[in-house]
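See structure below.
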Amino acid sequence: MTEGIAIALIFTLAGLVKGVVGLGLPIIAMGLLGLWLHPLQAASLLLVPSIVTNMVQMAGPGLPGLLRQLGPMLAAVVLGTCAGWWAWGGLGGRLAGLGLGCMVVAYGLLGVSALRLSLSPRASARLAIPTGLVTGVITAGTGIFVIPLVPWLQASGLPQERLVQAMGVSLLVSALSLALVIGGSGHLGLAELGGSALALLPALLGQALGSMLRQRLNEALFRRCFFAALVLLGLHLVWQAWP
């Protein structure tokens, strides 16, 4: 009972952050659930909320064109996830906890620094496939699918609304790829899907609250606090997983 309440609160918080800033659900959920759950259990819980919230986020005009634009990167994500699953020996391998902590720290530091990279259209296109492959490999090892995917999208010069839509599309494909390899390995049965479906409601509730709060919050301050908290969480995960 206590664990169920904790999981619901985590997904409410993760959904709220996603509603405010357009991202953050997988890294918050994996980071906090990783404090006591096996990475494979945490990733299985994450799947349905991540898939549904990103389907909501990707809705809008211009989707077919966006899919064509992101197509090579999205295909590389799928390939990288499958290759990474084989290379790591499945999510939750020996270094999974340490890798999870390092990814949370890296993403937090990137956000705290407020570093704004910029890529020309030509450079962005050249990096599309490597970005997808690396994101997929990291996803298969840690359950986190934001690095280097999100920084690449942010550096590609997309208008704000199109950027939010592109993140929804890209994170959806990453989540589906993770579901594919977890399901293919026999670790995604009805019990896991049921638990993930139950986590959807608090995630959607949090996302709705975040969307309403977006206009009332100082988004820059919220982002700084959020990323600083991620750094602390990631350092704790690293310390917890250190051999």
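The values are calculated or read from the model by the stated rules, or taken from the named source; none is laboratory data. This structure is a prediction, so every number in the text was calculated from the model and none was measured. Ideal geometry is used to build each Cβ from the backbone, glycine not excepted, and the neighbour counts take in all protein chains shown. These accessible areas exclude ligands, DNA and RNA; they are computed on the full protein's heavy atoms, side chains included. Shrake-Rupley method; radii C 1.70, N 1.55, O 1.52, S 1.80 Å.
Could we say that Leu66 is without any contact (Cβ under 8 Å) to a residue 24 or more places away in the chain and not basic (Lys, Arg) here?
Spelling it out, it is not the case that Leu66 is without any contact (Cβ under 8 Å) to a residue 24 or more places away in the chain and not basic (Lys, Arg).
I'm trying to understand the selection: among the residues of the stretch 23-43, which are open to solvent by less than 10 Å² (accessible area, probe 1.4 Å) and of a type outside the set (A, V, I, L, M)?
Matches in the stretch 23-43: Gly24, Pro26, Gly31.
Given the criteria at negative phi and under 12 Å from the mean Cα position of the chain (by Cα), does Ser44 qualify?
No: the conditions fail for Ser44.
Given the structure, is Val17 touching a Phe, Trp or Tyr at 6+ places or on another chain (Cβ under 8 Å) and either under 29 Å from Leu217 (Cα atoms) or not in a loop (DSSP other than H, G, I, E, B) (or both)?
Yes.
Are any of the residues in the stretch 194-213 within 19 Å of the chain's Cα centre (by Cα), surrounded by 16 or more Cβ atoms within 10 Å (Cβ to Cβ) and on the phi > 0 side of the Ramachandran plot?
no
Is it the case that the stretch 146-169 has a residue that's hydroxyl-bearing (Ser, Thr, Tyr) and in contact with a Gly (Cβ under 9 Å, 6 or more places away or on another chain)?
no
Tell me whether the stretch 139-147 contains one or more residues that are open to solvent by 70 Å² or more (accessible area, probe 1.4 Å) and within 22 Å of Leu91 (Cα to Cα).
The answer is no; no qualifying residue exists.
Would you point out which residue out of Ala203, Ala199, Ala229, Ala220 is farther than 26 Å from Leu110 by Cα and in a helix (DSSP H, G or I)?
None of the other options fit; the residue is Ala199.
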